[in-house]
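Throughout, read-outs are computed from the coordinates displayed, never taken from laboratory work. A quick note: this is a predicted structure, and the numbers were derived from the prediction, not measured. Cβ atoms come from the backbone with ideal geometry, glycine included; neighbour counts cover every protein chain shown.
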Number of protein chains: 2
Amino acid sequence: MSLRGIHHVGVAIADLDEAIATYERLFGAIVEHRGLIEGQGVEAAYLRIGAGRVELLAATGEDSPVGRFLARRGPGMHHLAFETEDVDRELRVLAAAGAQLIDETPRPGLEGFQTAFVHPDAAYGVLTEVVSGG
Amino acid sequence: MSLRGIHHVGVAIADLDEAIATYERLFGAIVEHRGLIEGQGVEAAYLRIGAGRVELLAATGEDSPVGRFLARRGPGMHHLAFETEDVDRELRVLAAAGAQLIDETPRPGLEGFQTAFVHPDAAYGVLTEVVSGG
């Protein structure tokens, strides 16, 4: 196994500017990256909180995964991302262990990261992401 | 601000043994602590995944916070815990910043940790915990 630890926790929110301001005020968060992730229909920001990282996710449209999540459940924790050296290899390990994959191959995330998602049914309702690079 | 990073991500599950086995198989998780947290009506296990930590939470009864969470939403991410040096001081900082607290004072968690919870409305639906010690 080659997971290094928690890369970030993804949190779905409605208004990115407002949520960033709240996380700065409450938790001393510092914005690390911010940008559109075209393929996922989100505007995202990585915030550092101490040595940890939270990814705030705002939908760019209602008909996107995060837009549907917000409509169904409201704001809250959306996914859990683990850091790995090699997303492609990790996907093969997970598939061999019986996990249902959402992404069969890595796709681009924020700022040069490679990412892939594992179906939440594989991990008790936790939408799991594996991330490398950046 | 004095948050050091993510201490753990709490995941509510129905069967602790089964969930531990799944996290071991898929993610190479290693059990760090396991025990009852009397005041919270849960049996919990801390799992290390690389340098990260996931807390699996099973309810000891239906009429407990985790039991009600499972009945309402099913298994999934339950809370996000940040590490701090001093839970009591962190609670005062959070209250001064306008966050609604669930715990006004620290309470005992697993294995000598001190913990306190902040209301999810303070952080966009994220039930936030602050943890120290252990």
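The C-alpha atoms of chain A define a longest principal axis, and helix A:87-96 lies at about 60 degrees to it. Charged side chains reduced to their Cβ positions (Lys and Arg at +1, Asp and Glu at -1) give segment A:3-133 a dipole of some 340 debye around its Cα centre. Taking 0.36 nm per residue of sequence separation and removing the Cα-Cα distance, the residue B:92/residue B:34 pair yields an extension gain of 17.9 nm. Charge tally for residue A:39 (other residues, Cβ to Cβ under 12 Å; Lys, Arg +1; Asp, Glu -1): -1. Under the convention that each Lys and Arg Cβ holds +1 and each Asp and Glu Cβ holds -1, the size of the dipole of the protein assembly as shown around its Cα centre is about 0 debye.
Computed from backbone phi with θ = phi - 60° and the Karplus coefficients 6.51, -1.76 and 1.60, the 3J(HN,Hα) list for segment A:56-66 is 8, 10, 10, 6, 8, x, 5, 8, 9, x, 6 Hz; x is used for glycine and proline. The distance from the alpha carbon centre of segment B:88-134 to that of segment A:2-22 is 18 Å, rounded to a whole number. Spacing of the modelled spin labels on residue A:25 and residue A:63, each 7 Å from Cα toward Cβ, amounts to 3.6 nm. Of all beta bridges that DSSP places with both ends in segment B:3-133, some 80 percent have antiparallel geometry. For the peptide B:26-39, the mean number of other protein chain Cβ atoms found within 10 angstrom of a residue's Cβ is 2. Distances from residue B:21 to itself in the other copies, using label points 7 Å out along the Cα-Cβ axis, amount to 5.1 nm in increasing order. Inter-copy label distances for residue B:105: 6.0 nm (label point placed 7 Å from Cα along Cα→Cβ; shortest first). Helix B:16-27 and the longest principal axis of the C-alpha atoms of chain B enclose an angle of approximately 90°.
The tail of the calculated P(r) for the protein assembly as shown, taken as Cα-Cα distances beyond 23 Å, holds 50 percent of the pairs. Scanning chain B for the beta carbon that comes closest to the axis linking it by rotation to A yields B:77, 2, distance in whole angstrom.
Between Rg and the Kirkwood Rh of chain B, both from Cα atoms, what is the Rg to Rh ratio?
Details: Rg = 14.3 Å, Rh = 15.0 Å.
Radius of gyration over Kirkwood radius for chain B works out to 0.95.
Each copy carries a label point for residue B:2 at 7 Å from Cα along the beta-carbon vector; from one copy to the others these points are 4.0 nm apart, nearest first.
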